[in-house]
1. Is there a residue being of a type in the set (D, E, K, R), crowded, with 23+ Cβ neighbours inside 10 Å and touching a residue at least 12 places away in the same chain (Cβ under 8 Å) anywhere in segment B:43-56?
2. Being touching a Pro at 6+ places or on another chain (Cβ under 7 Å) and buried (at least 16 other Cβ atoms within 10 Å of the Cβ) is the filter here; which residues of segment A:1-29 pass it?
3. Here are the criteria: (1) out of contact with any Asp or Glu (no Cβ under 7 Å at 6 or more places or on another chain); (2) within 12 Å of chain B (Cβ to nearest Cβ). Tell me which single one A:GLY72 does not satisfy.
4. Restricting attention to segment A:104-128, and to residues there that are farther than 24 Å from A:CYS58 by Cα and either without any contact (Cβ under 8 Å) to a residue 12 or more places away in the chain or surrounded by fewer than 21 Cβ atoms within 10 Å (Cβ to Cβ) (or both), which single residue is nearest to the other protein chains (Cβ to nearest Cβ)?
5. Restricting to strands (runs of 3 or more DSSP E) lying wholly in segment B:1-88: which have 2 or more residues that are at pLDDT 95 or above and under 18 Å from A:VAL110 (Cβ atoms)?
6. Do we have any residue at all in segment B:89-101 that's at pLDDT 95 or above, surrounded by 14 or more Cβ atoms within 10 Å (Cβ to Cβ) and away from chain A (no Cβ under 14 Å)?
7. Could you list, in sequence order, the residues of segment B:8-27 that are in contact (Cβ under 8 Å) with a residue 24 or more places away in the chain and under 24 Å from B:GLU84 (Cα atoms)?
8. Of these, A:GLU32, A:GLU66, which one is within 30 Å of A:ALA135 (Cα to Cα), modelled with pLDDT of 90 or more, over 16 Å from the mean Cα position of the chain (by Cα) and among the charged types (D, E, K, R)?
Amino acid sequence: MATVELTFSALPAHVRTARLVATAIARRTGVEESLLDEVRLAVGEACSRAVEAHRAHCPGEPIRIELRDDAGRFEVTVSDHAPSDEVQQEKPLDLGMLSDSFMTGFGLAVISGLADDVEVFPTPKGTDIRMSWPAAGIPTS
Amino acid sequence: MDLKLDHHNEDRLTIVEVEGEIDVYTAPRLRELLIDLVNKGNFHLLVNMEKVDFLDSTGLGVLVGGLKRVRAHDGSLELVCTQERILKIFRITGLTKVFGIYASVDEAKEAHGKDK
């Protein structure tokens, strides 16, 4: 099992870096090209959500991403240290219900629609979002 | 790639050209532009997304915010987008039912003209 870990300060500018790293490792791990856009967007959403949560609760704390090649799956876990508010947004069809600020539940809905497999572990001390996609394995050369 | 923004007026439409990535870092610039356009009396906006490489829920939130602002003035905010990877996020969130989405600027202009 190969693992890459990345920690970054809770700054919006770093979310793009996290997306790029995740996409590069997904490609290296053997995730199909057609799924890479989904990996990029889902990891970006998870990191954006974590950055917003940290900026509100603990701006000095870093956000951690773990990327693993695990038994034919490419698995990404994004961990934050902000207390979970467990906001669950229903399908946002009512314009009046939407705001132009970042919507936590909205981002989670996007992740759920993109990742092959998603688990969210909210706790009072932070949230882990684990996502995975099928992968062919690390090439030998 | 960073975000590039431009806009120009054609008849009663304000066409907003967006190029690059719209995410949690760059979306505030698009939000500021949309607010500025509305504050200056541009209530019929057409956002051309054909050169957008990446859009996340923060960007969607900004577009929704813009739509709410123009609707407060009986205006419109419509999109030009044919990229499947961008359209997918609109479908996942159900926002294809909220925005008018066209295949080209000309198609949007024609549809807009018929509404008048």
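1. Yes - at least one qualifying residue is present in segment B:43-56.
2. A:PHE8, A:ALA10
3. It is condition (2) that A:GLY72 fails.
4. Only one residue tops the list, namely A:GLY113.
5. B:13-22, B:44-55
6. Yes, some residue in segment B:89-101 is at pLDDT 95 or above, surrounded by 14 or more Cβ atoms within 10 Å (Cβ to Cβ) and away from chain A (no Cβ under 14 Å).
7. B:ILE15, B:VAL16, B:GLU17, B:VAL18, B:GLU19, B:GLY20, B:GLU21, B:ILE22, B:ASP23, B:VAL24, B:THR26, B:ALA27
8. A:GLU32
The values are calculated or read from the model by the stated rules, or taken from the named source; none is laboratory data. Remember, it's a predicted structure, so these values are computed and weren't measured experimentally. With ideal geometry, Cβ positions are generated from the backbone for all residues, glycine too; neighbour counts draw on all protein chains shown.
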